[in-house]
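For reference, the structure discussed in these notes is given below.
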Amino acid sequence: MGIISSTLFALLASGNRVVSVKDTYGGTSAIFTEYMPKYRIDAVQCDTADHDQIEAEIAKGCTLLYLETPTNPTTKIIDIARLSKVAHAQGAVVVVDNTAATPINQNPLQLGADVVVHSATKFLGGHADALGGVACGSKHLIDPIHHYREIHGAVLDPMSAYLLLRGMKTLDLRVKRQNESAMRIARFLETHPAVDRVFYPGLDSHPGHAIATRQMSGFGGILSFILKENSLGAAGRLIPHLRFAHAAGNLGAVETIVAPPATSSHVECTPEERARLGIPEGLIRYSTGIEDVEDLIDDLASALRGL
Ligand SMILES: Cc1ncc(COP(=O)(O)O)c(C=O)c1O
């Protein structure tokens, strides 16, 4: 969050207008709703998959377009190339949070974005043992972000820097394995009688599949699903039966991690707010680790049988 807030506050000034989407990470959304108004920056959050609405808002005036794709936890997909073109025609800077995709699966700068941000806490570090973030882009944009970050103090401590660098050496291996396993698990869940719906951009049934196929070289390690009994109670009964998956709020690590967004990433939203974001109460987010995929599938099969 330090690098995301540094990027936004370094590049924006009062009177500016930000166009973004409703499904940005909760902390980022809080910057738009709680802090931008304080600095008289207008921030509009569009329906995430409604490209026409996003384009219409950009046309009304836009200093900065802020996107996140795939989103967390429902893996919605936004067309980076299409919207970057429209935003640039308005003279806007395009920022993309690429945390869920990772640089192995998606390169927003090549698709037209100007700045890419990552929570390095997730896949980049990959071991759930360090917090950090990165921003990438041209020097004329990164210099003011760097300066803001230095003055406001969101600097990385040396131990975290060491752990993140060490983790990144295996990023390519880990992410490719996570891509393959998540695809297998998504297909397994999609055909399971106890599962109502699976959200994974690699599935043909995903509404963003065509865009994801164009702009991503792998579909990532994160998927989510709802059981036929779509309730927090049902999710709460399933999760303790998983032996491999850790119940935790993090994602993108070597260990598989599961959590219902209703009690983790989106615990601060009311049920109505979650409903508006299209997050079912019984949704289970599954961040695939690097364990043997047969073990992960057996684990899910046996927990689902236990229901
Ligand atoms: C997409 C995305 N961006 C940013 C963040 C914030 O990351 P951090 O916890 O490293 O501040 C998260 C955390 O979950 C995230 O999922």
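The values are calculated or read from the model by the stated rules, or taken from the named source; none is laboratory data. Because the structure is a prediction, the values reported are computed rather than measured. Heads up, the Cβs are rebuilt from the backbone with ideal geometry, glycines too, and the neighbour counts pull from every protein chain shown.
Being assigned to a helix (DSSP H, G or I), aliphatic (A, V, I, L, M) and either assigned by TED's automatic domain parsing to the domain that holds ARG285 or more than 22 Å from LEU251 (Cβ to Cβ) (or both) is the requirement here; does ILE151 meet it? So ILE151 fits the description; yes. Does ARG174 count as more than 18 Å from the chain's Cα centre (by Cα) and more than 15 Å from the ligand (Cβ to nearest atom)? For ARG174, the condition - more than 18 Å from the chain's Cα centre (by Cα) and more than 15 Å from the ligand (Cβ to nearest atom) - is not met. Scanning segment 156-170 for residues being under 11 Å from GLY132 (Cβ atoms) and in contact (Cβ under 8 Å) with a residue 40 or more places away in the chain gives a total of 3.
Are any of the residues in segment 207-214 part of a helix (DSSP H, G or I) and either among the charged types (D, E, K, R) or over 18 Å from the mean Cα position of the chain (by Cα) (or both)? Checked segment 207-214: at least one residue is part of a helix (DSSP H, G or I) and either among the charged types (D, E, K, R) or over 18 Å from the mean Cα position of the chain (by Cα) (or both). Restricting VAL134, VAL95 to those that are closer than 29 Å to LEU277 by Cβ, in contact with a strand residue (DSSP E or B) (Cβ under 9 Å, 6 or more places away or on another chain) and surrounded by fewer than 22 Cβ atoms within 10 Å (Cβ to Cβ) reduces the list to VAL134. Here segment 1-27 is the region considered, the condition is being modelled with pLDDT under 95 and assigned to a helix (DSSP H, G or I), and the residue that is farthest from the ligand (Cβ to nearest atom) is GLY26.
Residues that are within 16 Å of the ligand (Cβ to nearest atom) and of a type in the set (A, V, I, L, M, F, W, C) were ranked within segment 265-283; the one that is modelled with the lowest pLDDT is CYS269. Would you confirm whether any residue within segment 247-261 is in a helix (DSSP H, G or I) and away from the ligand (no atom under 16 Å from the Cβ)? The answer is no, given that none of the residues of segment 247-261 is in a helix (DSSP H, G or I) and away from the ligand (no atom under 16 Å from the Cβ).
Flag not set for SER160, criterion: over 15 Å from PRO70 (Cα atoms) and touching a helix residue (DSSP H, G or I) at 6+ places or on another chain (Cβ under 6 Å).
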